[in-house]
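The values are calculated or read from the model by the stated rules, or taken from the named source; none is laboratory data. Please read these numbers as outputs of a predicted model, since none were measured by experiment. Every residue, glycine as well, gets a Cβ built from its backbone with ideal geometry; the counts of neighbours run over all protein chains shown. These accessible areas exclude ligands, DNA and RNA; they are computed on the full protein's heavy atoms, side chains included. Shrake-Rupley method; radii C 1.70, N 1.55, O 1.52, S 1.80 Å.
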Amino acid sequence: MEKMNLVSGMRSTGKLHLGHYMGVITNWVNLQDEYNCFYFVADWHALTTKYDNTQTLRQDKIDVVLDWLASGINPEKSTIYFQSKILQIAELHVLLSMITPNNWVERDPTLKDMVKILKNKDEDSNIQLNYGLLGYPILMSADIMALNGAIVPVGVDQLAHLEITRDIVRRFNNIYKTDLFNEPKPKLTQIPLLMGVDGQKMGKSYHNDIKISDDEETTSKKVMQCITDRTRARKDDPGHPDGCEVAFNYYKIFADEQTIQNVECECRAGRRGCADCKRQLGKIINEKFAPIRQKREELSKDINTVYDIIEEGNKKARTEAEKTLQKVRDVINI
Ligand code: TRP
Ligand code: SF4
């Protein structure tokens, strides 16, 4: 039986953090054998909010791909490409925009949140809902439909967009009396969200993230900033791992079962100081990411090979998208 196509993208935010790694990338890596995977850098989507800040865009895009490759996304199995290199996606976006009612996108709750966040970040500027940002879910639909995506791994925040994609698929098939497109299914990530060192959502703009590509010293320093049990004053006070919001949570994610138990036991007994505890945690994280970081180092010294991989992926994705678009032009008679 032929494998189903799986499509997913990430905006070009630059170097990725451990939240991306745990929440998205490991998931992508594990799906590579079961599906025909198309993984792309959504650089057009990045422009929907960062259109006036593009100085680092090219570097950001390559940094994302470096993190993917170092983390085990395998170009022999998966197709890796830049969205903006597949012009068929833009063509499909135009065609889909013709059949998408305004109110479908206007009521998209994730879009509303994005606008709210933008407004909060920059109170003085006249941020408004640009036409391109309004089209965010339509562009996402074009990403998926052009590549015939059946499965779309996303986080919960993206479900609203994907619901619009399913609506657009039905409307397209209905209007043009065709069964060209299938409704794509979301595949929710099961892994719990990794918090930032300050206990807030991990994110680049919050300065609370640990990057996949951070060196060991930087990682250790950031781990030392992790929030611990706030009720604890001295190191021989009995601690509460459950109330240790960030540090113990990281243990649960990155350490082995035995270590987690030891930490829990010693902490409760007041036999473990938080500083030592976090020093050990930093070591564990550094050990886990050492091979990935080394691979990333090697890849960045051989950057032309990385560009070749992307070029190869662009070609494959373009061929697949062109097949779809030929059928689309036919059913529309354009
Ligand atoms: N909007 C997604 C995000 O921010 C990225 C994305 C763009 C995407 N196009 C997509 C994800 C198509 C899945 C399928 O995470
Ligand atoms: Fe958290 Fe470790 Fe401190 Fe216990 S000893 S509160 S687990 S950092």
Inset, instruction - Just report the Cα centroid separation between the stretch 131-153 and the stretch 182-248, whole Å. - result: 31
Inset, instruction - Treating each Cα of the chain as an identical point scatterer and ignoring solvent, apply the Debye formula and state log10 I(q)/I(0) at q = 0.06, 0.08, 0.12 Å⁻¹. - result: -0.25, -0.44, -0.91
Inset, instruction - Treating the angle as unsigned and between 0 and 90°, give the value, to the nearest 10°, between the Cα long axis of helix 136-146 and the longest Cα principal axis of the chain. - result: 70
Legend entry - the stretch 126-242: projected area of the alpha-carbon convex hull, averaged over directions, in nm²: 12.3
Legend entry - Rounded to whole Å, sorted largest first: equivalent-ellipsoid semi-axes of the stretch 1-113, Cα gyration tensor: 25, 20, 14
Inset, instruction - Leaving out ligands and nucleic acids, note down the accessible area per residue over the chain with a 1.4 angstrom probe, in whole Å². - result: 52
Inset, instruction - State the percentage of accessible surface on the stretch 157-258 attributable to carbon and sulfur atoms; use a 1.4 Å probe and exclude ligands, DNA and RNA. - result: 49
Legend entry - the chain: angle of helix 303-332 to the longest principal axis, Cα-based, in degrees nearest 10: 40
Inset, instruction - Please go through the stretch 163-219 and write out the trypsin sites (Lys or Arg not before Pro) that DSSP classes as loop and that have at most 12 other C-beta atoms within 10 Å. - result: 177
Legend entry - the stretch 214-295: C-alpha pair distances exceeding 14 Å, %: 60
Inset, instruction - With springs connecting C-alpha atoms under 10 Å apart, model the chain as a Gaussian network and identify which of 176, 39, 81 has the largest mean-square fluctuation. - result: 176
Inset, instruction - Taking only the C-alpha atoms, wrap a convex hull around the stretch 253-327 and report its volume per residue in Å³ as a whole number. - result: 147
Inset, instruction - Please check which bits of the stretch 7-29 a label hung off residue 188 would reach, taking the label as a point 7 Å along Cα-to-C-beta and the cut-off as backbone N under 13 Å. - result: none
